[in-house]
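Down below is the structure, laid out as structure tokens.
The values are calculated or read from the model by the stated rules, or taken from the named source; none is laboratory data. For clarity, every value in this text was computed on a predicted model and none was experimentally measured. Note: ideal-geometry Cβ built from the backbone for every residue, glycine included; neighbour counts use all protein chains shown. Areas reflect the complete protein model, heavy atoms only, side chains present, ligands, DNA and RNA absent. Shrake-Rupley method; radii C 1.70, N 1.55, O 1.52, S 1.80 Å.
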Amino acid sequence: MILGANVGFVLGLAASIFGDCAWPVTLWHAGATALAGGLLGRWWGKVWLNELNSALEQRRRERLLAESKPAKPKP
């Protein structure tokens, strides 16, 4: 979330500076994009962690399934 807010702040600041806005407007834009970036970063972080947990759980299930199968006898 903090990384998203920082990226949003920098992007909002840069866009406003390149757009020749006054400093109060520039800081307002940077703050608004920091909020949006933080919320998007929080959402993306939750999605990423859920998928990571899902992948780890799938690996655990596959490993347990492989361990529970009887070994094939060698000829």
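Assuming 0.36 nm per residue, please report the length gained on full extension of the stretch residue 18 to residue 32 beyond their Cα-Cα distance. Present the calculation step by step, with values, prior to reporting the outcome.
Working: separation 14, 0.36 × 14 = 5.04 nm, distance 1.68 nm.
Answer, rounded to one decimal: 3.4 nm.
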Charge sum, other residues only, whose C-beta stays under 12 Å from residue 54's C-beta, Lys/Arg counted +1 and Asp/Glu -1: +1
Hey, got the Cα dimensions of the range 33-75 along the principal axes, in Å, largest first? 67, 14, 6
In degrees from 0 to 90, rounded to the nearest 10, what is the angle of the helix 23-68 Cα long axis to the longest principal axis of the chain? 0 degrees
Treating the angle as unsigned and between 0 and 90°, give the value, to the nearest 10°, between the Cα long axis of helix 2-18 and the longest Cα principal axis of the chain. 30 degrees
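Quick check: at a probe of 1.4 Å, how many percent of the accessible area of the chain sits on carbon and sulfur atoms?
Numbers: 4480 of 6490 Å².
Of all accessible area on the chain, carbon and sulfur atoms account for 69 percent.
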Going toward the positive end of the dipole of the chain, with +1 on Lys and Arg Cβ and -1 on Asp and Glu Cβ, which of 43, 70, 31 do you reach last? 70
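Would you kindly calculate the mean projected area, averaged across all directions, of the convex hull enclosing the Cα atoms of the chain, in square nanometres? All intermediate terms of the calculation are to be shown ahead of the outcome.
Working: hull surface 29.9 nm².
Here the figure is 7.5 nm², rounded to one decimal.
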Mean accessible area per residue over the chain (1.4 angstrom probe, all protein chains present, square angstrom) is 87 Å²
How much length is gained on full extension from residue 65 to residue 50, taking 0.36 nm per residue of separation minus their Cα-Cα distance? 3.2 nm
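Using +1 on the beta carbon of Lys and Arg, -1 on that of Asp and Glu, and nothing else charged, what's the dipole of the chain about the Cα centre, debye to 20?
Numbers: 9 positive and 5 negative charges, 164 e Å.
Dipole size: approximately 780 debye.
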Tell me the mean residue ellipticity at 222 nm calculated for the chain from its helices only (DSSP H runs of n ≥ 4, each -39500 (n - 2.57), averaged over every residue, nearest 500). -30500 deg cm²/dmol
